[in-house]
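What follows is a short report on a single structure.
Computed from the coordinates by the stated procedures, all read-outs in this text should not be read as laboratory data. Predicted, not measured: the structure shown is a model, and the values here were computed from it. Cβ placement follows ideal geometry from the backbone for every residue including glycine, while neighbour counts extend to all protein chains displayed.
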Amino acid sequence: MIRILAVIIVIALLSTVAITFISLDNKNRPNDDEYNNESNVNYTETFVFNLLAGGQKNMSEYYGKIVLLDFMGANCGPCQNMMYVLKQLSVDYPEIEIVSIDVWIVLGETSNTLQQMINLYIQQDVDLDWTFGYDDPSGTLYYKYNIDENGVPLIHVLDKNGNIYYTKKGYVDGYTDYYLLKQEIDKLIS
């Protein structure tokens, strides 16, 4: 009897935590008025980032595509867990673009730190087959997009015009995060 009661209490607590995270997360989604507001951030015109493979890329190159823009840190545990979610989304939605940008360069990470993280996934036979980049040492993206306040992982789902359609802050668990992002991608695709 005590064991059953303990299980019920644990389930209730976990449900409360999950609902709290989901409700907090949905507060970040713009309502229709905000979404259609021309003052909304448009990433296709706002920045260039350093590619891990060398060179730079302008977000305007993604115009016309749905993009998952992942601000992350290579040494961030929740960000590392989010890689599995992004991988599954890349498999399920090959028509979308995924861009992961390490914004913890300002905190001491380097392009080598990011490559080492990717290599750990390769050793596990997990191919992170999307674009990886990193911020500059002065933290231009880190400060411009308030990463110090928002934290990482911070994922923006961008519509085909480069506007933020949905924002996902933090990591809950693979299942919840996958379905939250999938739901928003499905809305944009349909």
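Going by how many other beta carbons lie within 10 Å of each one, how would you line up Val103, Val67, fewest first?
Working: Val103 29, Val67 22.
Ordered from fewest to most neighbouring Cβ atoms within 10 Å, Val103, Val67 come out as Val67, Val103.
For Lys187, go through the lysines and keep the ones whose alpha-carbon is under 23 Å away, minus same-chain ones fewer than eight residues off.
Of all the lysines, those that pass the test against Lys187 - Cα under 23 Å, at least 8 places apart if same chain - are Lys27, Lys65, Lys87, Lys160, Lys168, Lys169.
Is the shape of the range 86-143 rounded, prolate or oblate, going by the alpha carbon gyration tensor and its root eigenvalues a ≥ b ≥ c, with a/c under 1.5 for rounded and a/b larger than b/c for prolate?
Details: a/c = 3.68, a/b = 1.54, b/c = 2.38.
Oblate.
Which order do the peptides 154-163, 86-95, 119-128, 104-113 take when ranked by the mean count of other beta-carbon atoms within 10 Å per residue, highest first?
Values: 154-163: 20.2, 86-95: 14.5, 119-128: 11.6, 104-113: 16.8.
Put in order of decreasing packing, that is 154-163, 104-113, 86-95, 119-128.
Calculated FRET efficiency, Asp186 and Asp125, Cβ-Cβ r, R0 41 Å, to nearest 0.05? Walk me through the numbers before you get to the answer.
Details: r = 28 Å, r/R0 = 0.68.
The calculated FRET efficiency here is 0.90.
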